[in-house]
Amino acid sequence: MASEHKDCDGRIRCPCVRCINSMFEKIDRVRAHIFDRGFMQGYEKWIYHGEPEDAVDDVAVADVESEDEMIPILEDFFPSTTEDVQGEDEQPTTNPHFDDLFEEIEVELYLSCDWISSLNFLAKLLHLKARGKIPNNIFEELLKLLKFAFPKENNIPATYYEAKKRLKKLGLGECTKEACPVCGTSRWVTSENGKGKKVPCKVMRYFPLTPRLKRLYSSRITAKSMIWHHTRKSKYDGVLRHPVDGLAWKDFDAKHPEFARDPRNVRLGLAADGFNQFGNMSLAYSM
């Protein structure tokens, strides 16, 4: 079947665990890759090699396409609570920004724009800023251009500060403290008279880890990736395809079996970018 759907150069997508259908190779090379590396997990429907996909009801497709993709995300982050799931002595827990965020989903980006909400557009825009490492001043100029170019009475924020403020309700803002929680030292370089603009001693962005882990497990999309090391672990011995196959991971599992048995266990790695950890090398070391 796959050979009947070759491209003009006689190649097909390689479904080995390393190429994962992203690379085109000759059929003989694909066969060698699969024999040497193994077949990728989860590829049960050969949709990239000619196998037809299951038919989907037209009405269901229309319903999915018409629903703003931010709705299931917010429903995952702020699940509704009812009396059926509450204990007798428990009080319902609600997020104070839940209603506000759902109201923003209903806000049009501009008049008659019914295919993307203002909140969805803003989330995608900030995501592009983060991926492209766009400087704040350039991003503000982009916001001004979009606000000018789009139809009047649009809901595009005028400043980067306003954009962050609107998404801060999701609970992913940075944590800023005025003083060290251990020694009480102020984070500001203060002048003798205490007047003028505050100048920080050093600038370091601290993003609390726990809320972000909760967000990753709250979303039905990212939760699958968070437990991949447990549910999709390679069954082939002797081949390192993921840190879970490494000796360090296995040694940790042996020492902490209770922790390892929980599919939601999280391992943290330290990345040292340009850090000369021993101080005896002429060049910075990255790992």
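Quick notes on this one:
- Residues whose placed amide H lies under 5 Å from that of GLY38, excluding near-sequence neighbours: VAL17
- The label point for GLU141 and the one for ALA2, both projected 7 Å from the Cα toward the Cβ, are 4.9 nm apart.
- Rolling a 1.4 Å probe over the protein heavy atoms leaves LYS45 with an accessible area of roughly 80 Å².
- Taking amide H atoms as placed 1.01 Å from N in the peptide plane, the amide H of TRP188 lies under 5 Å from those of CYS201, each 5 or more residues away in sequence or on another chain.
- Surface accessible to a 1.4 Å probe, LYS198 within the full protein complex, Å²: 120
- Protection proxy ranking, highest mean first, for peptides 244-255, 137-148: 137-148, 244-255, where packing is the per-residue count of other beta-carbon atoms within 10 Å, averaged.
The values are calculated or read from the model by the stated rules, or taken from the named source; none is laboratory data. Everything numeric in this text was worked out from a predicted model, so none of it was measured. So basically every Cβ, Gly included, is an ideal-geometry build from the backbone, and we count neighbours across all protein chains shown. Each accessible area value is taken on the protein alone, full model and side chains, heavy atoms only, with ligands, DNA and RNA left out. Shrake-Rupley method; radii C 1.70, N 1.55, O 1.52, S 1.80 Å.
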